[in-house]
Amino acid sequence: MKNRYFLAIALCFILRLTSENSIFAQNKKWALVMSKGIGYTGQEWRTRTIFPSKEISELWDKGFEVTSLSYGMKLWAMVATKGTKYTQQRWKTSTTFPSDDIKKAWDDGFYITELVFGNGEWAAIFSKGSPYTDQAWRTRAYFPESEINELKGQGYAITNISYGEDRWALVMSKGSGLNDQVWFKSPTYPDTKIKSYWDSDYYITYITYGNGEWVVVMSKGANISDQAWRTRTYYPENEIKELWDKDHYITCIV
């Protein structure tokens, strides 16, 4: 009986370790997208092993608003920006999908501007002052291609897509100004395809990694005059500074 007990403990430890390593291996590379011409006037970033609630509050107090939130390589990465036109923000974290928080935020005049899963919890940023006039979300165990097409036919555009708890979470909005939108997914970073769409005047408006695949959303109407991306196995601190010096600002990092 004792041997079975210790065998069970060992098996649980191995399964947990395998699961953690699998999650870590899924996102083994940071992807940075920085854009020019979008009206931003200042930017800062923070990385933390725990959700950066203190850092968000500190940057709010300095007049910044959260414009990017992601989790990868066992780190939360948060970007806050000046010049966003957001007038107010709130955030929520939850171990279950925050459907009730989303409804309450909508009722209070906020829209989802970030929704991600990391370190066992969903995290959402809600903002007032965005250009959005309506919003819808869907969660599916499969990639929500039919839901994208359905909502696109109703005048919505993809503004957020993420993966967590074995499901995809899709957010689409009206009033974003994004049009003629395309998306594609790939198990490897789709650099060639991104460049081909750049040549046709599309720009990356969202990028994520989940369930073993990169998902890239590219759009027209994003008011971007130039764009650059970098992929690194480490957090791309030097690359951010290099592109800041060229008047680019972080628009996606995952």
Report task. Determine which member of the set ASP101, ASP107 is over 23 Å from ILE38 (Cα atoms), in contact (Cβ under 8 Å) with a residue 12 or more places away in the chain and open to solvent by 40 Å² or more (accessible area, probe 1.4 Å). Result -> ASP101
Report summary line: Subset of region 199-227, residues touching a residue at least 12 places away in the same chain (Cβ under 8 Å) and acidic (Asp, Glu), comes to ASP201, GLU213, ASP226
Query raised in the report: Do you know which residues across region 127-157 are in contact with a Phe, Trp or Tyr (Cβ under 8 Å, 6 or more places away or on another chain), in contact (Cβ under 8 Å) with a residue 40 or more places away in the chain and open to solvent by 50 Å² or more (accessible area, probe 1.4 Å)?
Result: LYS128, ASP134
Query raised in the report: So which of ILE204, ILE148, ILE158, ILE194 ends up being within 21 Å of ASN223 (Cβ to Cβ) and assigned to a helix (DSSP H, G or I)?
Result: ILE194
Query raised in the report: Does ASN160 meet the test of being of a type outside the set (Val, Ile, Thr), open to solvent by 60 Å² or more (accessible area, probe 1.4 Å) and modelled with pLDDT of 95 or more?
Result: no
Requested in this report: Please go through region 117-135 and pick out each residue that is in a strand (DSSP E or B) and under 25 Å from TRP76 (Cα atoms).
Outcome: PHE117, GLY118, GLU121, TRP122, ALA123, ALA124, ILE125, PHE126, SER127, LYS128
Report task. Considering only region 114-126, state which residues are crowded, with 24+ Cβ neighbours inside 10 Å and of a type in the set (Gly, Ala, Ser). Result -> ALA123, ALA124
Query raised in the report: In region 207-254, how many residues are under 30 Å from GLU165 (Cβ atoms), open to solvent by 20 Å² or more (accessible area, probe 1.4 Å) and in a strand (DSSP E or B)?
Result: 7
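The values are calculated or read from the model by the stated rules, or taken from the named source; none is laboratory data. The structure presented is a predicted model; accordingly, all values stated were derived computationally and were not measured. Here Cβ is always computed from backbone atoms with ideal geometry, including for glycine, and neighbour counts include all displayed protein chains. Ligands, DNA and RNA are stripped out before the accessible areas are found, and what is left, the full protein with its side chains, is counted by its heavy atoms. Shrake-Rupley method; radii C 1.70, N 1.55, O 1.52, S 1.80 Å.
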